[in-house]
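No value in this document is a laboratory result; all are computed from the given coordinates. These figures come from a predicted structure and were not determined experimentally. Every residue, glycine among them, receives a Cβ derived from its backbone with ideal geometry; neighbour counts consider all protein chains shown.
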Ligand SMILES: C[S@@+](CC[C@H](N)C(=O)[O-])C[C@H]1O[C@@H](n2cnc3c(N)ncnc32)[C@H](O)[C@@H]1O
């Protein structure tokens, strides 16, 4: 076995056990020496935020959290204030707030503006498996991922200065880093016109849907 095949087999074994967003975020912190963490959309901090082992700054923003958090406000308000206060950049930003495509796109762009050069943005709920799970409206009861996927598709189609993929785990964990990608050819980047039929037909290519065992290769910039 060649050295690169051996290394790939070892790192695959290492990442195979990652099945939740929390494990993924902690894996990134442990393997990349990340310090500062921001979570957009915290809700109950005991479910994810409190379990994140970032040794530096930990910030959470949410306009309606269930428990105390550092910033009780929307992500737009948070970024406006953070920039004004000359806030420190984050190594890792987890976007899990308002799951509507244009808000998610704004959250990604704002997060990139406050990200260290080797930093990573992770997004939850990128891979809805039914049309009903990816509506723009939410009744508070059904299984809902929202239209996060549309923001992923649009940025894969329009930004060749980023590397974007979705890990096939925990509702689809999207990852955005500075890098390169070949722009995806899409029927439209208009969120209203991009429909679930397109996602169903083109899911793997549209999302760049990858097994978690590809994580280390992707982090190193391999397509
Ligand atoms: C899916 S929950 C977050 C779950 C949490 N990240 C976890 O992993 O357990 C979504 C949260 O986003 C919050 N939210 C809604 N609109 C928001 C916005 N504009 N900015 C930030 N958070 C928002 C909601 O109040 C809600 O608590």
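Structural remarks
- Residue 190-residue 113 FRET efficiency (beta carbon distance; Förster radius 35 Å; 0.05 resolution): 0.90
- With 10 Å bins beginning at zero, the pair-distance distribution over Cα atoms of segment 15-74 amounts to 24, 49, 24, 3 %.
- The chain: most fluctuating residue of 208, 48, 145 per GNM, C-alpha cutoff 10 Å: 48
- Gain upon complete extension [residue 77, residue 158; 0.36 nm per residue less C-alpha separation]: 26.6 nm
- Fluctuation leader among 95, 152, 69 - the chain, Gaussian network, Cα springs under 10 angstrom: 69
- The three principal axes of the C-alpha atoms in the chain carry coordinate ranges of 53, 42, 32 Å, sorted with the longest axis first.
- Where only C-alpha atoms are counted, convex hull volume of segment 93-147 per residue in Å³: 69 Å³
- Note on residue 137 and residue 57: with the Förster distance fixed at 41 Å, the Cβ-Cβ geometry gives a FRET efficiency of about 0.75.
- Short-range pairs are left out: with C-alpha atoms under 8 Å and at least six residues apart, the relative contact order of segment 1-117 is 23 percent.
- Two-site FRET efficiency, residue 202 against residue 66, from Cβ-Cβ distance with R₀ of 25 Å, rounded to 0.05: 0.10
- Spread of Cα-to-Cα distances over 5 Å intervals beginning at zero, given as percent, for segment 91-209: 2, 13, 24, 27, 21, 9, 4, 1
- When the inverse distances between all different Cα atoms of segment 1-118 are averaged and flipped, the Kirkwood radius reads 15.4 angstrom.
- Comparing 23, 103, 81 in a Gaussian network model of the chain, where Cα atoms under 10 Å apart are tied by springs, the biggest mean-square fluctuation is seen for 81.
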